[in-house]
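Bear in mind these aren't lab numbers, they're just calculated from the coordinates by the rules spelled out. Keep in mind that this is a model prediction, so the values were computed, not measured. When we count neighbours, we look across all protein chains shown, and the Cβ atoms used for this are built from the backbone with ideal geometry, even at glycine.
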Amino acid sequence: MIRPAALFLMSSCLMVSAQAPKVKKPPPVPPPLPALAYAMEETLGGLSFSMPVAVVNAPGGKHRLFVVEKTGRIQEVVQLDQATPQKREFANLIERPDGKLDDKGECGLLGLAFHPDFARNGRYFVYYSLRIGGQLHQRVSCFEGGQEQPLITQLDPAGNHNGGDLHFGPDGYLYISVGDGGGANDAFDNARFVNKGFHAAILRIDVDKKPGSLPPNPHPAVHAGTYTVPADNPFIGATTHHGEKIDPASVRTEIWATGLRNVWRFSFDPPTGRLFAGDVGQNLYEEVDLIEKGGDYGWSHREGLHAFDLGPGKDAIPPGFAPKVPIYEYPRTTGLSITGGCVYHGTKFPEFKDAYICADYAFGRVIVLREKNGRWEDEIIAFEPAITGISADPRDGELLFCNMAKGKIMRLAEIEPKLEGVLFHENFEDTSVDSRGWYDGKSVRIVPGGMRGNCIEYEWTDGSDSVTGSSAKRNLFEATEEVFIRYYLKLSKGWGWSGRSYHPHLTHFMTTENSKWHGPAASHLTLYIEPVNGKLRLAAQDIQNKDAPHGLTQGPLKGGYNGQLFDNADELFTDDLWHCIEAQFKLNTLDLQNDKPNADGIVRGWFDGKLVIDRTDVILRSTDFPNMKFNQFLMAPYFGPGLLPHAQKLWIDEMVVGTKRIGPLPRERRPAKAP
C-alpha cells in the first residue's frame, strides 16, 4: 500500500476485521482538550459583585460600565481609567410597587440596555422576574428619571427558560429575547406559535413610538401605549403559521424571529449588524444562530440540526416547515448551557479578529468560532465555568466575562500551557539529539526557519528514494496504551497534489515486542499520519504476522486485518506554510473471555487545532497481543522502492509525544508568518 508524505505510528498487534455484535452505542467520547494557551484573570481591580450576569456599556462612555446583578441591583463601575476602579449602586429593583423580584433559579434581574440617546434622555430598559400576588411574571420596563414604566409583563408558568437579554439594534429598535415558558420539551406548547404569548422568540419593538410604527395587538401582558411595533416587523398581517390559519389580530407582531428555546444571551456585531444568539438546548445540543428577520429556528420540532420528537408536536412536521440552520452546534457531552457571546474587535489577540467568542456555563469551555468560506470552525481556548455574560470593554474592545459563581468580571490572558504526560519533546535546535535520548542515525540536518528557532530538514533529489543529510532517529519512552503526538510540518513549494504517490515515511510508534534495533517492518501494525492530496489522513496497515516476525504476509491472527484509512473531508495543507498536526491513538480493549477485541479504540486527528478526524470505534489489536503497549518512537524518512519523486523538501519542528493531548503552540511562540 503506497503512502504519501507520512508520519506513521506502530504497534505489535494486528487490527481485526471481525465486528462485535450490535449493541446500544455508548455516549460519544468527547475529544480531549489540549493544554490551553489562555485563561481567565480578574479585572476591574478585583471588584466583587452579587451574581453578575451582564456587563453593559452606556453609549458614549469609555470610563464607566454597568454590572447587572441577578439578585436585583445594577452597579455602576467608574474610574476605569485609574488603577483602582470604584463601584456604586446605580439602581435597585428588589422591591417593586406591584410585587417583588424573584431571583431564584433562572429568575432574577437578567438584562439591561441603555437607550442610544441615554446621555440626553436618561432612559434605560431592564428585564427582570417578579412575583405579583404570588404569581411569577417576566417583565420588560423602561426607567427614566427614577420612575419605572412597565412595557411587557408576561405571566410565566415556570421559573426556567426566561431568555432575558435586550439590546438596541443598529436600527434604533429594542430587541428582547424571551424563552419558551419553561418546564421541559416545550411543556406549555408555546414555541410553535406566533399568536400566543411573548415566548420562544426574539422581539423587536419601537420604544420611541416613531411615525409609521403600529400599536401592538391587545394582550394581557402588554401595557398599552408604552411602545409601538416597527411597520416592517415580519409577522404583521400574518394569516398562517406552520400551515395553520391564524387571526392577524392575535399575532404577536413584536416577534422578529421565532422557534427559539431559550436565548439567554445575544449580541449585535457593530461593523456588520449581524445578530448572533446562543440558544440553550434541551437534551442533546447547544447552538449558535445568526438571527434573521422572520426566521423560524425550529424549536420544538428541532433541536439544533436534529429532529426533536419529545415536544407537543411529536414527529409531525408542519407543512412548509423550513427552519433556519444554526451556524454551530455542540453535543451535551461537551457542554450543557451555552452563553452567547460577541464578535471580537480588540487588539490584544489578533488571532481572534472578527471571530465570535462564546462559552458554556456548565462545562466552562470558552469557544472561538471563525467563519471560513461560509462555514464556521470552532476552537476551545480557555476553561472558566459559570460564565453568564460576555461584552466588550468600552476602553479597548477587549472582552469582559461575568463569572456568576465567583462574583467577578474576568478577561482573557495568555499563559504558557503546562504540558502533562509528556513522554518526550524535541525542538531540533541542535545536532546533539543523541544526548537527549535519541539513537540510531548520526547524520541530521538542522536548519533555521523553525517555529521558534531551528528545525530538522529532509531533502529528496529528483528520483531519489532516500533523504539527503538526515537518517533514522529513535526514542524509547515509558510503555503506554494511548499516545498523542503533536508536531509542526511544512512542505516545500511545488510539493504538489497531482495524484502522484510520494512515500516519505517519517515517524513510527512501535511496541515492547520489538527489540532495540528492529525497524517498522518488525511490527504487526503501522499507524500513519500523512498528507494525501492535500488532506490529512490517519491510516492503519497490517504488515506482519506473529509466525513470521520479519515477513510481510497476512498471518493467522484472529480476525486478520489488511488496512484502514481515516481521512478528513477537506483539503487542508498549503505548501510552504507551517501546519500543526496532532493525532491520538488509543488501543482498543479486549474481551479475553470470549477471545474477541472490542471496537472501542480511538483514532483522532487535529489540523491547526481543529478536530478533523474523530473515530471512537476502531479495533487496533486482537487478543493475540493482550499485553502490547507503545514504547518506541522512530523517525525514519524514506521513499518506497520504485517511486520517483521530484526534488522536494519537508521540515519538522516542535515534536511532542505524550499520554495527553498537547495542542498547538501558544500564539507568542508562533511566527507571524512562515519563513
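Okay, here's what the table says:
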| read-out | value |
| --- | --- |
| Rg to Rh, two decimals, where segment 391-472 supplies the alpha carbon set and Rh follows Kirkwood | 1.29 |
| Where only alpha carbons of segment 346-500 are counted, the Rg and the Dmax (Å) | 22.1, 66 |
| Extension gain, Leu572 back to Leu33 (0.36 nm per residue minus Cα-Cα distance, nm) | 191.9 nm |
| Convex hull of segment 279-324 built on C-alpha atoms - directionally averaged projected area, nm² | 3.3 nm² |
| For segment 350-429, Kirkwood radius (reciprocal of mean inverse C-alpha pair distance, Å) | 14.7 Å |
| FRET efficiency for Glu41 and Gln79, using Cβ-Cβ distance with R0 set to 25 Å, rounded to 0.05 | 0.80 |
| Calculated FRET value between Glu414 and Ser250, using beta carbons and R₀ = 51 Å, to 0.05 | 0.40 |
| DSSP-assigned coil residues among chymotrypsin sites (Phe, Trp or Tyr not before Pro) in segment 69-151, each with at most 16 further Cβ atoms within 10 Å | none |
| Column: log10 I(q)/I(0), Debye, Cα scatterers of segment 159-263, q = 0.09, 0.11, 0.21, 0.23 Å⁻¹ | -0.21, -0.31, -1.14, -1.31 |
| Subset of Lys442/Lys490; Lys535/Lys649; Lys353/Lys610; Lys293/Lys408 violating a 26 Å alpha-carbon distance limit | Lys293/Lys408 |
| Directionally averaged shadow of segment 439-479, computed from the convex hull of its alpha-carbon atoms, nm² | 4.4 nm² |
| Fraction in percent of alpha-carbon pairs per bin - 5 Å, segment 79-185 | 2, 11, 21, 21, 18, 13, 8, 4, 2, 0 |
| Point-to-point label distance, Asn121-Asp591, nm (Cα→Cβ direction, 7 Å offset) | 7.0 nm |
| Separation of the Arg370 and Ser50 label points, Cα + 7 Å toward Cβ, nm | 4.3 nm |
| Largest-first principal axis extents, alpha carbons of segment 225-339, Å | 45, 40, 23 |
| Cα-projected label distance for His425 with Glu144, points at 7 Å along beta-carbon direction, nm | 6.1 nm |
| Rounded Å value of the spacing that divides the Cα centres of segment 111-177 and segment 338-414 | 25 Å |
| Theoretical gain in end-to-end length, Lys406 to Ala184 [0.36 nm per residue, Cα-Cα removed] | 77.1 nm |
| Kirkwood Rh, angstrom, segment 223-281 [1 / mean 1/r, Cα pairs] | 13.9 Å |
| Segment 339-381: translational diffusion in µm²/s, Stokes-Einstein, Kirkwood Rh over Cα pairs, 4 °C, 1.567 mPa s | 121 µm²/s |
